[in-house]
Amino acid sequence: MKKVLVVFLLLIIVACSKEKELGNMIIQGQIKGLKKGTLYLQKMKDTAIVSVDSIALLGNDLFTLTDNIESPEMYYLILDDNNTQNRISFFGEEGTIRINDKVDKFGISPEIEGSKNQVIFDDYRKMASRFQGKQLDLLAENLQAQKDGDIKKSKSLRAKSENEIRKKYIYTINFALNHPDSEAAAYITLTELVNANVKYLDSINNTLTDKVKKSLYGQKLASFITTIKETEN
C-alpha cells in the first residue's frame, strides 16, 4: 500500500512539473508591481468571449500564456487581482508577442511588441483618438452654448461636429485602403465602418490581398458585405 502511495505521489509531482505545452502563439511579459492575481488570455468565439489560457501569479510578475492561432485575431489580456478586472486588447498572431505593463495602471499604456498588426492598429487608434478628442471638445462647447442660449453658435458647433465625423470616416476608409496586406485593415473596417456605404466596403474588400481575404476578419468582412447586398435587394 505504501509503495502504491509513493508511486501515486511521484506521478503527481511529474505531472505538476511538466512544462505547459506551447501553441504557435506565445505571449510573454511582465506586470510590474503585481504581487498576487490571475492573468487570463481571452478571445471572441462566436458571440462570447472565452478564456484560452490563464496563469496564477503569486510573488512573481513574469508570465507566459499561449494559444494556437490560424490567422491574426484580436485577443484580450485580463487581470483579475480580486479587486479590479481590467484588460489589454491586442492583435495576436503567430510567433512570440511581448506585453509589459504596470499593475497600478494596467491597460492604460501597455508596451506591446512582436505583432505587426498591432503596430498598424496602434497607428490607426492614435489618429482616431484625435478625432474623438475634437468631438468631445465640440460637444462641451455646444453644451455651454445651449446653456447660454446661443442658438447660432450651437448650430455652428453641430455642423463642425458632423464635419469631424465625416473626416474620420474618410480617414478610416483611406487607412484601410492603404493597408491591404494587413488583417488589421479588415478588422478596422468591420468595427469602424459598419454604417458606411457598401461601395466603400466593396472597394476595401477588393484591395485586400488573398492572404487577408482568407483570414478570420477577411472572411467576416466578405460575409458582412454579402449580407448588406442581400438586404438591399
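Read-outs throughout are calculated quantities, based only on the coordinates presented, and are distinct from any laboratory measurement. Here the structure is a predicted model, which is why all the values come from computation and not from measurement. Quick reminder, even Gly has a Cβ in these numbers, built from the backbone with ideal geometry, and neighbours come from all protein chains shown.
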Legend entry - Hz values of 3J(HN,Hα) by residue in the stretch 126-141 - Karplus curve (6.51, -1.76, 1.60), Gly and Pro given as x: 4, 6, 4, 5, 5, 4, 5, x, 5, 4, 5, 5, 5, 5, 5, 5
Inset, instruction - Have a look at ALA48, ALA56, ALA186 and tell me which one the Gaussian network model of the chain (Cα, springs below 10 Å) gives the largest fluctuation. - result: ALA48
Inset, instruction - Specify the residue with the greatest mean-square fluctuation among SER182, SER154, SER71, computed from a Gaussian network of the chain linking alpha-carbon atoms under 10 Å apart. - result: SER154
Inset, instruction - Using only the Cα atoms of the stretch 84-173, build the gyration tensor, take square roots of its eigenvalues as a ≥ b ≥ c, and label the shape rounded, prolate or oblate: rounded if a/c is under 1.5, else prolate if a/b is larger than b/c, else oblate. - result: oblate
Inset, instruction - Kindly identify the stretch 118-232 as rounded, prolate or oblate by the Cα gyration tensor criterion: order the square roots of the eigenvalues as a ≥ b ≥ c, call it rounded if a/c is under 1.5, otherwise compare a/b with b/c, prolate if a/b is larger, else oblate. - result: prolate
Inset, instruction - Treat each spin label as a single point 7 Å out from the Cα along the C-beta direction, and report the THR207 to GLN30 distance in nm. - result: 4.1 nm
Inset, instruction - Give a residue-ordered list of calculated ³J(HN,Hα) values for the stretch 183-190 (Karplus: 6.51 cos²θ - 1.76 cosθ + 1.60, θ = phi - 60°; whole Hz; x for Gly, Pro). - result: 5, 4, 5, 5, 5, 4, 4, 5
Legend entry - Computed label-point distance, nm, for sites LEU177 and ASP123 using a 7 Å Cα→Cβ extension: 1.6 nm
Legend entry - Global geometry of the stretch 126-193, whether rounded, prolate or oblate, following the gyration tensor of its Cα atoms and the 1.5 cut on a/c: prolate
Inset, instruction - Hey, could you get me the Stokes-Einstein D for the chain, Kirkwood radius over alpha-carbon pairs, 20 °C and 1.002 mPa s, rounded to whole µm² s⁻¹? - result: 102 µm²/s
Inset, instruction - Quote the relative contact order of the chain in percent (integer), defining contacts as alpha-carbon pairs under 8 Å separated by 6+ residues. - result: 14 percent
Inset, instruction - For a footprinting-style exposure proxy, rank LEU201, LEU143 by other Cβ within 10 Å, fewest first. - result: LEU143, LEU201
Legend entry - In degrees, nearest ten, helix 216-232 long axis to first principal axis of the chain (Cα): 40 degrees
Legend entry - Modelled label reach - SER109, point 7 Å along Cα→Cβ, the stretch 118-153 residues with backbone N closer than 18 Å: 119, 122-131, 133
Legend entry - Residue-by-residue Karplus 3J(HN,Hα) for the stretch 66-79, coefficients 6.51, -1.76, 1.60, Hz, glycine and proline x: 8, 6, 9, 10, 8, 8, x, 8, 6, 10, 9, 9, 9, 10
Legend entry - Most mobile listed residue (THR191, THR66, THR96) in the chain, GNM with C-alpha springs under 10 Å: THR191
Legend entry - Estimated distance in nm for a label pair at GLU162 and GLN135, the labels positioned 7 Å out from Cα along Cα-to-Cβ: 1.6 nm
